[in-house]
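Below is one structure, written out as structure tokens; the observations come after it.
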Amino acid sequence: MILICKSGYSSLISAFFLLFGRHALGPSFGTMCLAGLVVAFVRLVRSLMNKANAEQGQPGALTIFLQACLESILQAVEFLTKFTTNFAAITGESFCASAIMTWNLLKRNLLSTVLVEVISDKVLAVVMVALTLVYGIIVISFSLKLLTTSFILTQFYA
Amino acid sequence: MAVEGGSSEYEGNADADEMKEPLLQKTGASNGRDRRNKEGERAINVPAAPPGDDDGASAGFGYNYGLRPYQDIAFSVIFVLMLLASIGFGIYGVVNSNPDYEWIESAHYEPDKGACSVPEHVQEQFGGGAWNQFWLHKNKKLLLNSIVAQKVSGSAETAVSLVIAITVVLSAPFALCMLWLLRKKTKELVYASLPVFILLPVALNVTWFVGCQRDVECRRNFDFSAQLSLFLFVLLVCGLMIYVIYSNWDRIQLTIRVVQTAAEALYQNLTLLFVLPLLSFALIGLCTPLATFMVYAYTNGKLVPNPDILNHPQMPCGRGTDHPCCVWEPAGWVVPYLYLSGFAILWAAMITAQVQVFTISGTVAQWYFGRGQFATGVAILRSLGYPPFKHCKSTVAILCNICVDDAISL
């Protein structure tokens, strides 16, 4: 809270609420619904695929190949939908118009986009794991110490 | 105003960057341009397309501050109808739920009638047979047990809860510290984590190979040539990864700048960290009644004799056997309702995720475009239509999610 106040962004905060109230749940809610529907279908297809996999046991080579193709298509759709939502947030266009704009943008520089996405994702994951490990070790050592102390105290009073 | 607060630091960053790493190709003279735009400008690694040949993504592309028309109304109507339908049927299900469902364990099969019934005395055992009272009874016991347990174990419990409280309290500074690292030490972080992508698979590969060599069982079952080929294949993939990183070095520079911008954007819009969880809570608030309705809807129906028993009358049933005498048959509308309601919940969850992305994008876009609005016209138009902006948002989306997750999970 102090940090927010320090950076002095009250105007941005109000703008943000404006955006949130008037766009995401206002004019663009239909776009959100459509995007959500697309992602929901993707998830549904994926879960059906996994379920079929679990029931089947040992799948054949062709099945694995087809599943890999389907999975990559699903991932591409999800990727495109996320960027489409971004476009819709900026321009306020409909889902289809945003999707076309996204498509045109990705046609020009797909590789950069994907690479930056993947690398930043992985970098953040690595950083987070490392920091969490450090934090966890600190917490564990601290709590062990605390527990021992309390145990000794209990013994003492008993 | 807000924008000036961030800009001085930003210029400092840009200055430092400029001296250290002119690795990306620059498109034309950048001296006369505003510094704040330089980052976006230098991040372009695709030659600028001539203005006017384009699909509206380059010239004039920016945050739409104007009045926005309602889009894709049909889908929001469908969603609202679906929600209303599942809530309506859910209320119907609660009203018409069959109390026999909770006594399915003690249901009695009457072969001569070919029907199942619940004996009266079982229902009276728990005072009228109300499900709620039964649960209350159970919960009271649980509550009592937990209180007793707390009193008994005493100080150790206190210590544990203290540790948990401290951890929760400290996780906020921890997340902020991570944000600070990402803002100030982006380059170091990225350079430090790049080797991990290579070294971790290589280390795992060597570990299993050596482990397999030592283990007699593994050596017998796994052909040596196959082992060697798998080992070499993984090494080859790692080599390929090194090549990809080397050949896309400029894109890694781009990533560094994008992550830096994203962290800066998140820092300037810290409210996001508080509002996005609120959205998740709203989703939970919506889904909890729906899930409850689903449970109640299933209790609409009746007890019927197990069809297996009807087919084989000699088969034993009831206690001590695998076959229950009576099974629950939900009413005809229940299964479609469960599908409908389940899909509504899934859809609502996905919409929440999209709204989160939308909010992040919109906020960051306002910040980003607001930041650049003092710069000279041409520079703006050229920098805005191009990828840095897009990357920035998607990265912020991930970053935000991770930070929020971090703050919540720790």
Q: Sort the following peptides by mean Cβ neighbour count (other Cβ atoms within 10 Å, averaged over residues), highest first: A:45-58, B:297-310.
A: B:297-310, A:45-58
Q) Amide H neighbours of B:Gly301 under 5 Å, counting only residues 5+ apart in sequence or on other chains, H built in-plane at 1.01 Å? A) B:Asn98, B:Ala331
Q: Report the extension gain between B:Thr288 and B:Asn96 in nm, rounded to one decimal, defined as 0.36 nm multiplied by the number of residues separating them, less their alpha carbon distance.
A: 67.1 nm
Q. Taking the Cα-to-Cβ direction at A:Leu144 and at B:Val160 and moving 7 Å from each Cα, how far apart do the two end points lie in nm?
A. 1.8 nm
Q) Can you list residues whose amide H is under 5 Å from B:Val327's amide H, if they're 5+ apart or on another chain and H is modeled 1.01 Å from N? A) B:Val304, B:Asn306
(Q) If you count only protein heavy atoms and use a 1.4 Å probe, how large is the accessible surface of B:Tyr92, to the nearest 10 Å²? (A) 120 Å²
**Q.** Burial order of peptide ranges B:351-363, A:77-89 (average beta-carbon count within 10 Å, highest first)
**A.** B:351-363, A:77-89
Q | Positive-end residue, the range B:167-281 charge dipole about Cα centroid, Cβ charges, pick of B:Pro277, B:Leu199, B:Ala172 | A | B:Ala172
Q. Full extension from A:Asn104 to A:Ile152: what is 0.36 nm times the residue separation minus their Cα-Cα distance, to one decimal in nm?
A. 10.5 nm
Q. Using 7 Å Cα-to-Cβ label points, what is the B:Cys177/B:Glu110 separation (nm, one decimal)?
A. 7.1 nm
Q: Would you rank B:His312, B:His323 by solvent-accessible area, highest first, keeping every protein chain in place and using a 1.4 Å probe?
A: B:His312, B:His323
**Q.** Global form of the range B:251-297, assessed from the alpha-carbon gyration tensor, a/c cut-off 1.5
**A.** oblate
Q) Can you give the mean number of other chain Cβ atoms that lie within 10 Å of the Cβ atoms in peptide A:137-145? A) 3
Q: Output the pairs from A:Lys51/A:Lys82; A:Lys107/B:Lys187; A:Lys145/B:Lys187; A:Lys145/B:Lys184; A:Lys82/B:Lys185; A:Lys51/B:Lys187 with a Cα-Cα distance over 31 Å in this structure; if there are none, say none.
A: A:Lys145/B:Lys187; A:Lys145/B:Lys184; A:Lys51/B:Lys187
Q. Residue by residue through the range B:161-175, which ³J(HN,Hα) values in whole Hz follow from phi under the Karplus form 6.51 cos²θ - 1.76 cosθ + 1.60 (θ = phi - 60°), with glycine and proline marked x?
A. 5, 4, 4, 4, 4, 4, 4, 5, 5, 6, 5, 5, x, 5, 5
Q | Prolate/oblate/rounded label for the range B:320-360 (Cα gyration tensor, a/c 1.5) | A | oblate
Q. Along the range A:108-122, what does the Karplus equation 6.51 cos²θ - 1.76 cosθ + 1.60 (θ = phi - 60°) give for ³J(HN,Hα), rounded to whole Hz, x for Gly and Pro?
A. 6, 9, 5, 4, 4, 4, 4, 4, 4, 4, 5, 5, 5, 4, 5
Q. Short version: ³J(HN,Hα) in whole Hz for each residue of the range B:328-334, in order, from phi by Karplus 6.51 cos²θ - 1.76 cosθ + 1.60 (θ = phi - 60°), x for Gly and Pro, what are they?
A. 8, 10, x, 5, x, 7, 5
Q: Keeping all protein chains in position, work out how much accessible area A:Leu34 exposes to a 1.4 Å probe, and write it in Å² to the nearest 10.
A: 20 Å²
Q. When all protein chains stay in place, what accessible area (Å², nearest 10, 1.4 Å probe) is found for B:Met294?
A. 50 Å²
Q: Per residue of B:257-264, count partner chain C-beta atoms within 10 Å of its C-beta, then hand back the mean as an integer.
A: 2
Q | Tensor-based shape of the range B:169-269 (alpha-carbon gyration tensor, a/c under 1.5 rounded, otherwise prolate or oblate) | A | oblate
(Q) Need one value for B:73-79: mean number of C-beta atoms belonging to other chains within 10 Å of its residues' C-beta atoms. (A) 6
(Q) Summing both sides, how much accessible area is buried between B and A? Use a 1.4 Å probe and give Å² to the nearest 100. (A) 7600 Å²
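The values are calculated or read from the model by the stated rules, or taken from the named source; none is laboratory data. These figures come from a predicted structure and were not determined experimentally. Positions of Cβ are generated from backbone atoms using ideal geometry, with glycine treated the same way; all protein chains shown enter the neighbour counts. Protein only, heavy atoms only, side chains kept; ligands, DNA and RNA dropped before computing areas. Shrake-Rupley method; radii C 1.70, N 1.55, O 1.52, S 1.80 Å.
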